[in-house]
Structure formats: structure tokens, C-alpha cells
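Asks: Handing you this structure, nothing more for now.
The values are calculated or read from the model by the stated rules, or taken from the named source; none is laboratory data. It should be emphasised that the depicted structure is a prediction, and the values quoted were computed from it without experimental measurement. Cβ sites come from the backbone with ideal geometry, for glycine too, and all protein chains shown count toward neighbours. These accessible areas exclude ligands, DNA and RNA; they are computed on the full protein's heavy atoms, side chains included. Shrake-Rupley method; radii C 1.70, N 1.55, O 1.52, S 1.80 Å.
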Amino acid sequence: PADPAAGRQTYQQACAFCHDKGVAGAPKLGDAAAWSARTAQGKETLYASALHGKGAMPAKGGNPSLSDDAVKAAVDFLVAGSR
């Protein structure tokens, strides 16, 4: 399992700008309704979207230096905080 503290740190560095405010339609952290359909697709689909980009979201939140594991930890943090 991913380290929750590492996931939170990566989220704050690469994801929070959009996911805290809903920029460009990004589902907000804590919005269970917005996340329910996304989480129903499975974690691997969420990981793929975060790693490779989807819609207005760039790959790895626009930080290509992030490791895949760091991005996955951020996804785990975001999902856990949106149940």
C-alpha cells in the first residue's frame, strides 16, 4: 500500500491547484458524488488517467519528474479523501 503521507505531499504539490478548486472540471477532493462514477471504473483506470493525462489534466499533473508510484499514491490519497 502507498504511504498516505507521501500521497498527501504529492497531491499538494501537483494536484491540489485544480482538484481543490474544481479547475477545468476537475472533481474536487472530498466530493463523493463527483468521484463515485470514477472510482467505479477501478483504481487502474484512475492511475492510467493520472499517469497519462485525461481531458484538461496533463500527465502526472504536469510534473513529468514524478515517479509512477508517487502519482499512484496521490490518486490513493484523493480517492480516500473523497469517499
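For every residue, the table says whether it meets (1) part of a helix (DSSP H, G or I); (2) closer than 11 Å to PHE77 by Cα; (3) modelled with pLDDT under 95.
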| site | (1), (2), (3) |
| --- | --- |
| ALA6 | yes, yes, yes |
| GLN12 | yes, yes, no |
| PHE17 | yes, no, no |
| LYS21 | no, no, no |
| LYS28 | no, no, no |
| ALA37 | yes, no, yes |
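Asks: Only residues that are under 15 Å from ASP68 (Cβ atoms), open to solvent by 60 Å² or more (accessible area, probe 1.4 Å), under 13 Å from the mean Cα position of the chain (by Cα) and not basic (Lys, Arg): list them for the range 1-50, please.
Replies: The one that is under 15 Å from ASP68 (Cβ atoms), open to solvent by 60 Å² or more (accessible area, probe 1.4 Å), under 13 Å from the mean Cα position of the chain (by Cα) and not basic (Lys, Arg): GLU44.
Asks: Then there's this: Would the range 68-78 turn up any residue that is out of contact with any Lys or Arg (no Cβ under 9 Å at 6 or more places or on another chain), surrounded by 14 or more Cβ atoms within 10 Å (Cβ to Cβ) and either on the phi > 0 side of the Ramachandran plot or not in a strand (DSSP E or B) (or both)?
Replies: Within the range 68-78, one or more residues are out of contact with any Lys or Arg (no Cβ under 9 Å at 6 or more places or on another chain), surrounded by 14 or more Cβ atoms within 10 Å (Cβ to Cβ) and either on the phi > 0 side of the Ramachandran plot or not in a strand (DSSP E or B) (or both).
Asks: So, SER82, is that one polar (S, T, N, Q), at pLDDT below 95 and touching a Gly at 6+ places or on another chain (Cβ under 9 Å) or not?
Replies: yes
Asks: Which pairs do you get when a residue that is over 15 Å from GLY25 (Cα atoms), found in the range 47-75, comes within reach of a residue that is open to solvent by 80 Å² or more (accessible area, probe 1.4 Å) and assigned to a loop (DSSP other than H, G, I, E, B), reach meaning Cβ atoms under 7 angstrom, with the pair 6+ apart or on two chains?
Replies: Between residues of the range 47-75 that are over 15 Å from GLY25 (Cα atoms) and residues that are open to solvent by 80 Å² or more (accessible area, probe 1.4 Å) and assigned to a loop (DSSP other than H, G, I, E, B), the close pairs are ALA73/ASP3.
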